[in-house]
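Take a look at the structure below.
Bear in mind these aren't lab numbers, they're just calculated from the coordinates by the rules spelled out. The shown structure was predicted, so the numbers you read here are calculated from the model rather than taken from an experiment. For neighbour counting, all protein chains shown are included, and Cβ atoms are generated from backbone atoms with ideal geometry for every residue, glycine included.
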């Protein structure tokens, strides 16, 4: 049985650009070591999911999943959260 390709063409292009974005915020004077992860994934039903995960380094993370009808809407939401976190002092530590 041949494998079905479940990814939409625009999803493949987006996945080639960004798979995972990791942000960090550290301040040793305040004993602060936090992280924030943003990623775009396809849901089982064909929607695009913006997955946000955050927490203190070494502790159990929190996770939220936002479903978007199109990859453009999901990318807009990702850019919104990225700008918001940069304003709060987070910096990009890795992009996969």
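Take the alpha carbon atoms of the stretch 9-95, find their radius of gyration, then divide it by 2.2 N^0.38 Å using N residues; give the quotient.
Working: Rg = 13.8 Å, N = 87, 2.2 N^0.38 = 12.0 Å.
Dividing the Cα Rg of the stretch 9-95 by 2.2 N^0.38 Å gives 1.15.
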FRET efficiency, residue 27 to residue 72 (Cβ-Cβ, R0 35 Å, nearest 0.05):
0.50
Using Cα pairs under 8 angstrom and six or more residues apart, how large is the relative contact order of the stretch 9-95, in percent?
30 percent
